[in-house]
Amino acid sequence: MLRYIVTRIALSIPILLAVFTLVFIVVRIIPGDPAEAALGDYASKQAVEALRERMGLNDPLIVQYLRFLGDLLRGDLGISMISGKPISEQVAHVLPYTLQLTFASILIGTLFGIPLGVFTATRRNTFIDYLGRIISLAGLSVPAFYFGILLILFFAIKIDLFPAVGGGDLKKPVENLKHLVLPALTLGLIMTTSVTRLTRSAMLNVLSEDYVRTARAKGLRERAVIIKHALRSAMVPIISIIGLWAASLIGDSVMTEVVFSRPGLGKMLVGAIMQRDYAALQSIMVIYAAFVVLINLVTDLIYGLVDPRISH
Amino acid sequence: MKQITGTPPQPKFKLRSQRQRLWDTFKRNRTAIVGLILVILIACTSIFADDWPIAFLQGRKAQPLLAPFDPTKQDAYRRLEAPSLAHPMGLDTYGRDILSRVIYGGRVSLMVGICSVLVGGAMGTLLGLVAGYSGGRVENAIMRGIDVLMAFPSLIMGLMVLAVLGSGISKMIIAIGIMLSPTFARVVHGATLSIKETDYVEAARAIGVSRFRILRVHILPNVFGEVVVMASIWTATAIRIEANLSFIGLGVSPPTPAWGTMIRDGTQYLTNAPWVSIFPGLAILITVFAFNLLGDGLRDIVDPRLQA
Amino acid sequence: MNGKRILWLMVTMLILGSLIAGCGPAATPVVVEKEKVVEKPVVQTVVVEKEVPVEKEVVKTVVVEKEVVVTATPERKEPVILRLGQNAADLHSLDPHFATTTQDRSLVDMVFNGLVRYKPGDGSVIEPDLAEELPEPEMVDGKQVWIFRLRRGVMCHPTDTTPSYELTAEDVVYSLQKSANPERSAYAGEYTGMTVEALDDYTVKITLDKPLSPVLFFPKVANYSGGFIVCKKAIEAMGDDAFKTHPVGTGPFMVQSYSPGEKVMLVANDAYFRGRPLLDGVEFRYMPDISSREAGLLAGELDVINGLTDEVWVDKMSKEEGIRVDVFGVGEVATVHFNTTVEPLDDPKVRKAIAYALDRDEFLALFGEPVAENVYSPVPAKFLPGGLTRAEVEKLGLAYDVDREKAKQMLAEAGYPNGFSLEVVTSEMTGYRRIYESMQAQLAEVGIDLKVNVVDHSTMHKLIREDVNPIVVYIAWRPNADVYLTRFFHSDSIVVTGAKPDTNFSHYDQIDDLIEAARVETDPDKQVDLWKQAQIKILEDMVAYPLQYHQQVYARSEAVDYGHELISVLALYPGITENTRIVK
């Protein structure tokens, strides 16, 4: 067991390294001179050269690469080319908003998704099940930003219930919460559809198992059978995948932040691309990728702990 | 030699579950069929938006056929007109007919969706086959590379590639293709591994059949089912990703209509003229839904064990 | 859920509800000193674009009495912050000598002063700012000399590294020298031939190699572009880089904090020499998405927003309850420049054909009147002396009214019966995008295939200065005809290859003499005439097609009172001053 944990963690390290390297290479291939982009149209040639020196862009690639890795290990994400401020500051500022959104969406997703999944699993092949499957397929098909726009149109414009814009002041919790509702609903409802589908199939797998039939045969109430026995063992694959859902929803969460103009890592990323802020682009991509690797690692570890086949 | 005919008597419960399964498969066939019909409908509408085959043969510029108007014809004096009988989806900010643009816009989405899946599918299948069959260090190298690629959330990967390549249809196809290849590779790799161990492949190898022939004749047809299912589902994803990228602003250049770009242009007028964004969005929803439906149905046919 | 649970839930809700409602600072009775503001007519010298200063009776508000009032009902002193939603993703530079984007300009306008200023709300009037009065020029040793006497008691904003200190001539000299330095200013070209010295702590002497009329001189030392005065000690202490995001001036508002990509917080400068601002602060928010800004204003989260240059939008917003829309000058002029060194645009016939293919009214319909209006010369006749009106160009046959048949004919004559194709980049910003896309459709009607690539705004600006576009649409305001003509049509300003590359996208070099003659002409009528001649030449050679001007569109909650009438503002925003307030 311990061996599995150690091996798994050890495996992540070269992957992380490869990920960082890939980001480094990609950012260096992007056309355009980062120093020129940073200084804008009016910079003289001398100013651009001076900045290139300061940014270390004239050093050999290997040196830049090692410096990049070294900085990352120390947690130094570099300086933004547009604002001139340390990127880690900016990230620290927007991270709470992104985490809020992620957490809230997962909450909504599971809160709605699991019961719905159980519900449709128990009413298998009925009209309700069919309807549920169509709705969840539709949920999978709708682009997050479009859904967000629809929610804005209805809840923020037609009925002035929730704000359409921004993230609200973190220090004012009620205001903050109001700004969270629509974006979280956008992501959360989309996530609900995936969760429903997964729960449904997990439940169906479990429901056909022997021990469930035994429980039924024992004469237990149907409800007890479902909740106490079936759901509990179905929860295992579900819970271990929650992190993966968060990772797979990153694309949608970026779009949601853009649509709602909500501060967050995703909006920062799109802004960095549009403004050619290569330093910020590099750092944010590293953060996202590292996050995914971490989630995969944690998920595998949980699986390992829980799945008897692995923990021998 | 005495021929054994007829089926041995089946125990009753097995018969019922077999019937049950057949009926389920048929019902899911319905899903696949409905999905297929929808996809074909959408594709035909977009492909025959104008009469390009006839125009090509006649050597002239194509005229709108299924689409009521030229999608690039502007009428600035009637901009942002609400939906009416003549223009069921209204007019956009340049006075262009939105219905026509939605129909033509399908071309971009379908082209990007299908081509990127073809590109990614081909790349990924090739990698997966090679990795699965070769084994050893080759397999290791390829699969680790796949792991690294999969560490990037798909949208981020797409943004990265487009930042390097620039925007446009062909670049997007490459970007999304790269995004999709890891999943294809993984599935094909797994399937190849399991098929590799079967008796007939062992036998073929023992006889001395060439590697290529084994791959082509024995392994490939067997993974084909999985690949087709994935292709359909990932086309849905590819179309969604294209919409995302276009919405951010990395899409096609004007005046080519594309659904994601149209939604983006419409966000300025959500309060005045929401139809500019609503209809292209619906188009994306329906198209992606159709492909998902098709994929779901196919999966149930190909591998009934997976979905109950 | 059974009844007991429901009851319990209700009780909890009740308790929570009362807790939330009860929160808030306890109110105490307060003694308030109310300043009674009285309007008294005061005779003041005002320069209205003429040589001879005119004594006009100007009604000026003067603080006269102080009333002491004990309020029976306690007043809550919550800071009144004006929340402004601006159309930008982030700042580029708040160093006023590099603040070239529209949005950065509006911010620095609140933070800095100039020796003179454009009257808030009326950009056609120049009044003293840091200087006590507008000086008369004198000729000394063949050179023109302007002597400015500075006000006393103008305090620089305090920072972490430098305390507040009194602005003196030393700062003014430092600042104008910075404006003249091409390494430290984007406007250095405007300050060549100018020497600045401090005669004593409160007197600044500016010597010009070549004499200029006040119309051309005062804009250089006004609260605009290079004329903003920065605080020497502050910028020397923090360095140019930090100054970019933390500018320090003497204006009614000071920069308190900056959240990249989000907002800049400005607080009132209590020591402002015109009096403490009525607002406690300004929250300058970066919101590039119009629907976000709109939604923010409608929901009451924003007080002022930058709107859309679109009459449809203006109409809609005006109908909203509690919202007012202001459409005001200056009009930023959109001109289509043709690169005359590139085939096939090097053929004047082709350029004229294109001009005849374009329909001003069709472009206009995309924006709507009065938000946009047609112009017929590069210098807008409506706002500046020296422009040509429609009647004038019609008389000369240079109106280039749309005639697509004629255009096709001319193209055929020039050797392009089937048209040709060109490729351009456009900014994603609405104004540019719409013009290029409409141009694309209009040119298609005469067989010209215009490929348009959309890039972000700053990239477009960079690329056009590298001479990438054969056709360049440029939307800008310049303070007078000389600046328009010099920067866009003087050979020195030719992109890439000019002596001082600027925005001469057409590579035109045929009117240098007219421009230079007008610049030094002291008779205003002759000056205007020379400017007109220069533009007639531009139209005859069709190196640039004047299209339209766009006015500024800002929407606000009706509670916002800017404190002045809105006729035209050079800083391209309504102008937030010490008199701006929010009436609750």
| remark: FRET efficiency for A:LEU244 and C:ASP525 from the Cβ-Cβ distance with R0 = 60 Å, rounded to 0.05, comes out at 0.20
| field | Residue exposure sequence - C:LYS352, C:LYS500 - by fewest surrounding Cβ within 10 Å | value | C:LYS500, C:LYS352
| Give me the log10 of I(q) over I(0) for chain C at q = 0.11, 0.12 Å⁻¹, as the Debye formula computes it from C-alpha points; what are the numbers? | -1.09, -1.27
| note | Place a point 7 Å from the Cα of C:ARG390 in the direction of its beta carbon; the residues of the stretch C:516-549 whose amide N falls under 12 Å from it are none
| Long-range amide H contacts for C:GLN548: which residues qualify at under 5 Å (H placed 1.01 Å from N, peptide plane, sequence gap of 5 or more or a different chain)? | C:ALA334, C:VAL375
| request: Choose one of C:ALA180, B:LEU165, A:LEU244: the residue whose Cα lies farthest towards the positive end of the charge dipole of the protein assembly as shown (beta-carbon charges +1 Lys, Arg; -1 Asp, Glu; about the Cα centre). | output: A:LEU244
| Neighbourhood charge, 11 Å Cβ-Cβ cut-off, centred on A:ASN296 and excluding it, Lys, Arg +1 and Asp, Glu -1 | -1
| Separation of the C:HIS564 and C:GLU405 label points, Cα + 7 Å toward Cβ, nm | 5.3
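Can you say what percent of the DSSP beta bridges in chain C, counting only those with both residues inside, are antiparallel? Round to 5.
On the way: 76 of 95 bridges.
Around 80 percent of the beta bridges assigned by DSSP in chain C are antiparallel ones.
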| Highest-MSF residue in chain B out of B:ASP75, B:ASP92, B:ASP50 [GNM, Cα springs under 10 Å] | B:ASP75
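Lys and Arg at +1, Asp and Glu at -1: add these up for the other residues within a Cβ distance under 15 Å of B:ILE103 and post the number.
Net charge in that neighbourhood comes out at -1.
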| message | Using only the alpha-carbon atoms, how far is helix C:404-413 inclined from the longest principal axis of chain C? Give it as 0 to 90 degrees, nearest 10. | response | 50
| task | Fewest Cβ neighbours within 10 Å first, please rank C:HIS490, B:HIS87 accordingly. | result | B:HIS87, C:HIS490
| remark: Summing +1 per Lys or Arg and -1 per Asp or Glu among the other residues with Cβ less than 15 Å from A:LEU2's Cβ gives +1
| query | How many percent of DSSP beta bridges within the protein assembly as shown run antiparallel, rounded to 5? | reply | 80
| request: Can you figure out the FRET efficiency of B:TRP52 with A:THR21, using R₀ = 30 Å and their beta-carbon distance, to the nearest 0.05? | output: 0.05
| field | Gaussian network model of chain B, springs between alpha carbon atoms under 10 Å - residue of B:SER46, B:SER181, B:SER210 with greatest fluctuation | value | B:SER210
| query | With each pseudo-label sitting 7 Å past Cα toward Cβ, what's the A:LEU294-A:THR126 distance in nm, one decimal? | reply | 4.4
| Which whole-Hz couplings ³J(HN,Hα) result when phi for each residue of the stretch B:122-134 is put into the Karplus expression 6.51 cos²θ - 1.76 cosθ + 1.60, θ = phi - 60°, listed in order with x for Gly and Pro? | 5, 4, x, 4, 4, 4, x, 4, 4, 4, x, 7, 6
| said: As an exercise, identify the GluC sites (Glu not before Pro) in the stretch C:135-213 lying in DSSP coil whose Cβ has no more than 15 other Cβ atoms within 10 Å. | reply: C:GLU183
| Got a sec to turn the phi values of the stretch C:393-398 into Karplus ³J(HN,Hα) couplings, 6.51 cos²θ - 1.76 cosθ + 1.60 with θ = phi - 60°, whole Hz, x for Gly and Pro? | 6, 4, 4, 8, x, 10
| request: Using a 10 angstrom cutoff on alpha carbons, build the Gaussian network for chain B and name the most mobile of B:ARG30, B:ARG213, B:ARG240. | output: B:ARG213
| query | Using θ = phi - 60° and the Karplus curve 6.51 cos²θ - 1.76 cosθ + 1.60, what whole-Hz ³J(HN,Hα) does each residue of the stretch C:179-196 get, with Gly and Pro shown as x? | reply | 4, 8, 8, x, 6, 10, 7, 7, 10, 3, x, 6, 10, 6, x, 10, 10, 10
| said: Using helices alone, I'd like the mean residue ellipticity at 222 nm for the protein assembly as shown: each DSSP H run of four-plus residues gives -39500 (n - 2.57), total over residue count, nearest 500. | reply: -16500 deg cm²/dmol
| said: Explain nothing, just the number: relative contact order of chain C, from Cα pairs under 8 Å at least 6 residues apart, as a whole percent. | reply: 16
| request: For B:GLU202 paired with C:GLU466, estimate the spin-label separation in nm (one decimal), with each label point 7 Å from Cα along the Cα-to-Cβ line. | output: 6.2
| note | For the protein assembly as shown, the Debye formula with one identical point scatterer on each Cα and no solvent gives log10 I(q)/I(0) at q = 0.04, 0.06 Å⁻¹ as -0.27, -0.59
| task | Sorted from largest down, give the three principal axis spans of the alpha carbons of chain B, whole angstrom values. | result | 86, 49, 44
| remark: Taking placed amide H atoms and a strict 5 Å upper bound, the residues 5 or more places from C:TYR272 or on another chain that come that close are none
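In whole percent, what relative contact order does the stretch C:107-257 give with Cα contacts below 8 Å and a gap of six or more residues?
The value is 32 percent.
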| In µm²/s, what is D for the stretch C:328-475 at 37 °C and 0.692 mPa s, where D = kT/(6 pi eta Rh) by Stokes-Einstein and Rh is the Kirkwood radius from Cα pairs? | 205
| If each residue's Cβ is checked for other Cβ atoms within 10 Å, how do B:SER109, A:SER88 rank with the fewest at the top? | A:SER88, B:SER109
| Given R₀ = 56 Å, FRET efficiency for A:GLU49-A:LEU111 by Cβ-Cβ distance, to 0.05? | 0.50
| task | Please report the relative contact order for the stretch B:221-308, taking Cα pairs under 8 Å with a sequence separation of at least 6, and give it as a percent rounded to a whole number. | result | 34
| said: Report the gain in length on full extension from A:ALA92 to A:VAL6: 0.36 nm times residue separation, minus Cα-Cα distance, nm rounded to one decimal. | reply: 27.9 nm
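The numbers here are math on the coordinates, done by the rules we state, and not lab data. Predicted model, so just to flag it, every value in this text is computed and none were measured. For neighbour counting, all protein chains shown are included, and Cβ atoms are generated from backbone atoms with ideal geometry for every residue, glycine included.
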